[in-house]
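Okay, structure first, notes after.
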Ligand SMILES: Cc1cc2nc3c(=O)[nH]c(=O)nc-3n(C[C@H](O)[C@H](O)[C@H](O)COP(=O)(O)OP(=O)(O)OC[C@H]3O[C@@H](n4cnc5c(N)ncnc54)[C@H](O)[C@@H]3O)c2cc1C
């Protein structure tokens, strides 16, 4: 059968592997002109470890994982050290969990895809029509096709979700924060540390291939064009202007630089959908059930959903309506559990008030005393 996947990231690449391996003809369309690089190291955890094992990629993920780094200083708004953070206190759900850069995982997933999968970059779906004989698709490059299944794996701002299920506002819930990342130039000695003031955390860490800055900020939902990078750079600069200490002025310059690599900015949001299937269209990964960056479970869910959808759909001989109840039964409880983790992440990463910040720092000091960091 013919399967079309929109999006070539964690969810889309995993889905391409599974559908092709189960004997289907697979086409992947990706809006960008290649795999999108960048991002902080992400976690492959829990059920995704089993998925990675069945995909045959676990040994390579293990080989290329990020080694959790030295404990780092935690700073107050004036840049003075108030605690120490050792990521090993929080990083893993179980001993088997792995942290790896997005770029390396993307490459590993790509290498695991059978060679007959067709990739079409710089292309999106322009329209979908679910007709009797399959889904008729028009692409932005003027081509057309017919598919037995269309999988939306195109992220939080999913195009397939919008075309098949309705507007983003019906499904995406702002989780109260924004995140920004940028790779830092190696032209100075950046201190690896984390500075927090109420509602704002700025960190510099090694992201596997060099220093990277991260900003997490509490903010109500803002109206902006998520494709307008200049507008995003101005927003980040405004958020960071609250702090003048430490190396924040240099970090602001790095975020403002249009030539800087690894730039990423998005809302921290969750996707909640009563059903992830409609007709012959399904949405997986952030498109269908984003758990929010603060959960640390986005990649795990994307990989698990791809395997679950491909196997359940194949068991039902390509009848998505028949497969749908079993698919939801197999995935829904895990999605709910992972989405709940995001509520635990916020008070650790971005305490909202000075009191919450003091309590967080005290808990870091207690961990350091207990674990001997
Ligand atoms: C550049 C980047 C950096 C990220 N950094 C982090 C991070 O630091 N920490 C973290 O927890 N999560 C990060 N994420 C999100 C993380 O990858 C996902 O939460 C998770 O892995 C689930 O993956 P996904 O495949 O569902 O979505 P995503 O990884 O968001 O991938 C969606 C893919 O769909 C493509 N796409 C979008 N619109 C269209 C369209 N109209 N047509 C075709 N293709 C389309 C995108 O270009 C992208 O390749 C990042 C995502 C990106 C794209």
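Please go through region 23-46 and give me each residue that is part of a loop (DSSP other than H, G, I, E, B) and either touching a helix residue (DSSP H, G or I) at 6+ places or on another chain (Cβ under 7 Å) or within 7 Å of the ligand (Cβ to nearest atom) (or both), ordered by number. Break it down stepwise before answering.
Going residue by residue through region 23-46, those that are part of a loop (DSSP other than H, G, I, E, B) are 23-24, 31-41, 45.
Within region 23-46, 31, 32, 35, 36, 37, 38, 39, 40, 45 qualify.
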query: When only residues in region 296-340 that are touching a residue at least 60 places away in the same chain (Cβ under 8 Å) and not in a helix (DSSP H, G or I) count, which is surrounded by the fewest Cβ atoms within 10 Å (Cβ to Cβ)?
result: 318
- request: Determine whether residue 227 is assigned to a helix (DSSP H, G or I), free of Cβ contacts under 8 Å to residues at least 12 places away in the same chain and out of contact with any strand residue (DSSP E or B) (no Cβ under 8 Å at 6 or more places or on another chain).
  value: no
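Within region 256-276, can one find any residue that is assigned to a helix (DSSP H, G or I) and either on the phi < 0 side of the Ramachandran plot or not assigned by TED's automatic domain parsing to the domain that holds residue 106 (or both)?
Filtering region 256-276 down to residues assigned to a helix (DSSP H, G or I) leaves 256.
Among the residues that remain, those that are also either on the phi < 0 side of the Ramachandran plot or not assigned by TED's automatic domain parsing to the domain that holds residue 106 (or both) are: 256.
Within region 256-276, one or more residues are assigned to a helix (DSSP H, G or I) and either on the phi < 0 side of the Ramachandran plot or not assigned by TED's automatic domain parsing to the domain that holds residue 106 (or both).
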message: Would you confirm, using the coordinates I've provided, whether residue 74 is away from the ligand (no atom under 11 Å from the Cβ) and not in a strand (DSSP E or B)?
response: no
Residue identified as within 16 Å of the ligand (Cβ to nearest atom), more than 18 Å from residue 278 (Cβ to Cβ) and buried (at least 19 other Cβ atoms within 10 Å of the Cβ) among 125, 113: 113
- request: Considering every residue within region 245-266, establish whether at least one is more than 16 Å from the ligand (Cβ to nearest atom), surrounded by fewer than 22 Cβ atoms within 10 Å (Cβ to Cβ) and within 19 Å of the chain's Cα centre (by Cα).
  value: no
query: Scanning for something crowded, with 17+ Cβ neighbours inside 10 Å and within 15 Å of the ligand (Cβ to nearest atom), does region 59-69 turn up at least one residue?
result: yes
- line: Here the qualifying pairs (Cβ atoms under 8 Å; residues six or more apart or on different chains; first in region 279-291 and at positive phi; second outside any helix (DSSP H, G or I) and near the ligand (Cβ under 9 Å from one of its atoms)) come out as 285/7; 285/9; 285/153; 285/155
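The values are calculated or read from the model by the stated rules, or taken from the named source; none is laboratory data. Quick caveat: nothing in here was measured; it's all calculated off a predicted structure. Virtual Cβ from ideal backbone geometry, glycine too; neighbours counted across all protein chains shown.
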